[in-house]
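Peer 1: A single structure is presented below for examination.
The values are calculated or read from the model by the stated rules, or taken from the named source; none is laboratory data. The shown structure was predicted, so the numbers you read here are calculated from the model rather than taken from an experiment. Note that we place each Cβ from the backbone using ideal geometry, even for glycine, and neighbour counts take in every protein chain shown.
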Amino acid sequence: MIDQGVTDSLAARDADRNTNGDDNHNSGICVRRTERVARDCTYPDFMKCQPLNFKGMEGVIELIKWFEKMETVFSISNCSMENQIKFSTCTLLAGALTWWNSYVRTVGHDVAYAMTWIDLKKKMANKYCPRGEIKKLEAELWNLKVKESNRIERYVDGLPDMIHRSVVASKPKNIHEAIEIATELMDNKIRTFVECHSENKIKQDDNQQQQL
């Protein structure tokens with residue numbers, strides 16, 4: 001009977017372990033382990049990261065800014081992929097919101113909110129970045145580059161010969177970079193000149209002392 005009692009006790013212990021798992025001891029001490037479960041990002045959590053609004057009238061540049069800011073908010077808030085469309089489209093206003101609501105009615109709620117963030121970006125780019133506007137933007141950027149190049153060229157042409165070649169060789173990307181490079185080179189030239197002048201002065205003083 002004693003053997004049977006011991007056998008029954010061991011069986012009960014094993015059954016208890018199987019039920020609770022190996023989570024009730026650590027180094028011989030009965031301490032239940034707890035696992036930290038990451039809390040899902042809620043809509044208030046998402047909004048605390050201050051996402052931008054988009055109305056659909058701001059143009060290509062603002063849409064790109066909206067994309068970039070939204071992706072930053074996704075990362076900071078740990079927004080799950082399942083909530084990205086639902087949360088991001090809540091920041092649409094005015095015409096953009098009307099467009100989105102129309103799309104939801106057309107394809108259905110489940111289909112609309114099941115799309116990925118990449119798919120939403122493509123749809124919004126097709127809607128708010130017409131090819132003509134993109135070409136216009138590209139032309140404006142090209143003109144800005146040409147103007148910037150002309151400004152750099154005029155500035156560099158007016159530099160002293162002692163630093164002109166060095167600035168040209170550095171190939172500055174914009175006028176501010178050209179000015180910084182030219183300023184640094186001139187500072188180095190002046191510093192070298194002062195140091196050489198000081199050394200010559202010291203040598204002259206030494207020679208005069210020796211003659212005396």
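Peer 1: Please go through (1) exposed (fewer than 13 other Cβ atoms within 10 Å of the Cβ); (2) at pLDDT below 85 for residue 106 and return the number of the only condition it doesn't satisfy.
Peer 2: Against the list (1) exposed (fewer than 13 other Cβ atoms within 10 Å of the Cβ); (2) at pLDDT below 85, residue 106 comes up short only on (2).
Peer 1: If only one of 201, 173 is assigned to a loop (DSSP other than H, G, I, E, B) and modelled with pLDDT under 85, which one is it?
Peer 2: 173
Peer 1: Which residue is nearest to residue 113 (Cα to Cα), if the candidates are limited to the stretch 57-99 and must be small (Gly, Ala, Ser) and assigned to a helix (DSSP H, G or I)?
Peer 2: 88
Peer 1: Taking the criterion of being assigned by TED's automatic domain parsing to the domain that holds residue 62, modelled with pLDDT of 90 or more, of a type in the set (Val, Ile, Thr) and outside any helix (DSSP H, G or I), would at least one residue in the stretch 109-127 satisfy it?
Peer 2: yes
Peer 1: Taking the stretch 144-167 as the region of interest, how many residues are among the aromatic types (Phe, Trp, Tyr) and at pLDDT 85 or above? Give the derivation first.
Peer 2: Step one: of the stretch 144-167, the residues among the aromatic types (Phe, Trp, Tyr) are 155.
From the residues that got through so far, the ones that are at pLDDT 85 or above too are none.
Residues flagged as among the aromatic types (Phe, Trp, Tyr) and at pLDDT 85 or above within the stretch 144-167 amount to 0.
Peer 1: Going through the stretch 54-84 one residue at a time, which ones are over 18 Å from the mean Cα position of the chain (by Cα) and either closer than 17 Å to residue 127 by Cα or without any contact (Cβ under 8 Å) to a residue 24 or more places away in the chain (or both)?
Peer 2: Answer for the stretch 54-84, where residues must be over 18 Å from the mean Cα position of the chain (by Cα) and either closer than 17 Å to residue 127 by Cα or without any contact (Cβ under 8 Å) to a residue 24 or more places away in the chain (or both): 54, 55, 56, 57, 58, 59, 60, 82.
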